[in-house]
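Asker: Below you will find the structure I want to go over with you.
The values are calculated or read from the model by the stated rules, or taken from the named source; none is laboratory data. Keep in mind the model is a prediction, meaning the values are calculated, not measured. Positions of Cβ are generated from backbone atoms using ideal geometry, with glycine treated the same way; all protein chains shown enter the neighbour counts.
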Amino acid sequence: MNFPFDPQQGLIIVGAELWGPTGSTVLQLALDTGATSSVVNVAPLIAVGYDPALVSERVQVTTGSGVEFTPRVTLDKIVALEQERIGFPVLGHTLPPSAGVDGLLGLDFFRGQKLTIDFCNGQVTLA
């Protein structure tokens, strides 16, 4: 299935829904083929029942501002681009408000599938 985006804008924004121990929430994630792992802002994780501060597994992440250690949270479920992942790990990291998104949909979400980004027609396809 094709998902439209505006090829004239900066980021490709993907709607996603994630489920946690206490409910679900809808997010806006930036499609980021430069990110090895998917990232979700800490606030939505807390809202659905995760506590990143209590997660023992920390992952070293290199950002534009340096090296940080962020918690790896295993989601009950996430759905994006009509693809469902159960037990999907994401990094819990606070993004600046200027980012305008709730996180990043990284390469780990796309592995083993065919991702097509058509800038001429403004369409993303994941099969």
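Asker: Look through Gln60, Gln83, Gln8, Gln28 and report the one residue that is more than 16 Å from the chain's Cα centre (by Cα), within 27 Å of Ala127 (Cα to Cα) and modelled with pLDDT of 90 or more. Give the steps one after another, and end with the answer.
Answerer: On the way: Gln60 fails: within 27 Å of Ala127 (Cα to Cα); Gln83 fails: more than 16 Å from the chain's Cα centre (by Cα); Gln28 fails: more than 16 Å from the chain's Cα centre (by Cα).
On inspection, the qualifying residue turns out to be Gln8.
Asker: Take the stretch 114-127 and flag every residue that is touching a Lys or Arg at 6+ places or on another chain (Cβ under 9 Å) and either modelled with pLDDT of 95 or more or assigned to a strand (DSSP E or B) (or both). First the steps, then the outcome.
Answerer: First pass over the stretch 114-127, keeping only residues touching a Lys or Arg at 6+ places or on another chain (Cβ under 9 Å): 125-127.
Passing the criteria: Thr125, Leu126.
Asker: Which of (1) modelled with pLDDT of 95 or more; (2) within 13 Å of the chain's Cα centre (by Cα); (3) exposed (fewer than 14 other Cβ atoms within 10 Å of the Cβ) does Arg111 not meet, given it meets every other one?
Answerer: If we test Arg111 against (1) modelled with pLDDT of 95 or more; (2) within 13 Å of the chain's Cα centre (by Cα); (3) exposed (fewer than 14 other Cβ atoms within 10 Å of the Cβ), just (2) comes out false.
Asker: Looking for whichever is closer than 18 Å to Leu107 by Cβ and of a type in the set (Phe, Trp, Tyr) here; the options are Phe69, Phe3. Which one fits?
Answerer: Being closer than 18 Å to Leu107 by Cβ and of a type in the set (Phe, Trp, Tyr) holds for just one of Phe69, Phe3, which is Phe3.
Asker: Report, by residue number, each residue of the stretch 76-98 that is buried (at least 20 other Cβ atoms within 10 Å of the Cβ), within 19 Å of Leu54 (Cβ to Cβ) and β-branched (Val, Ile, Thr).
Answerer: Listed by number, the list holds a single entry, Val90.
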